[in-house]
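Down below is the structure, laid out as structure tokens.
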Ligand SMILES: [Zn+2]
């Protein structure tokens, strides 16, 4: 009996692998049918595959490796470094709808700096998940601190959420700002002020 269970499990694993690329497509098709959409309509024919690809892309950040993204170089620089106006989009975990906006990132190095493009890459990779904006900035800050070990870092994000725009209060213009502050930025208000001046108001 035990081997039979194992065999069934193996078969289901095998089938799971085999149908992985089409399973999501089938589920999207079922969702559309449940909503009363005619899958034979010319405009809906390729939609399950397109939506499946879309959601795979919107959640590809679960496979990202921050340590690989954040390659560092030695540096004697110990002043504030800012990368501003980084576009991002992410998925609200409560409704699976998109929110998008801009992030500003600052850090004070502690012997090592990262390449300019690595900060947007980290942000965009970590945003490609279903995560609330509050936790997104906190997790980016903690990941950066744990990987690069700077003296401190600060992030400010402003996002517009489709779930606020198209449902409930239907507030199209509302924006949410979230901030994460680590290390020396917690201790030195002048550093945060310098950061705010460099990135401007949200
Ligand atoms: Zn939402």
Checking residue 79 against (1) exposed (fewer than 12 other Cβ atoms within 10 Å of the Cβ); (2) over 17 Å from the mean Cα position of the chain (by Cα); (3) in contact (Cβ under 8 Å) with a residue 60 or more places away in the chain, which test does it fail?
-> (3)
Filtering the stretch 56-79 down to residues that are assigned to a loop (DSSP other than H, G, I, E, B) and either within 16 Å of the ligand (Cβ to nearest atom) or touching a strand residue (DSSP E or B) at 6+ places or on another chain (Cβ under 6 Å) (or both) yields 59, 70, 75
Of the residues in the stretch 165-188 that are without any contact (Cβ under 8 Å) to a residue 24 or more places away in the chain and within 21 Å of the chain's Cα centre (by Cα), the one that is nearest to the ligand (Cβ to nearest atom) is 165
Residues satisfying the stated conditions in the stretch 94-110, i.e. within 16 Å of the ligand (Cβ to nearest atom) and buried (at least 20 other Cβ atoms within 10 Å of the Cβ) | 99, 101
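Rule-based calculations on the coordinates, nothing more; no lab input. Because the structure is a prediction, the values reported are computed rather than measured. Positions of Cβ are generated from backbone atoms using ideal geometry, with glycine treated the same way; all protein chains shown enter the neighbour counts.
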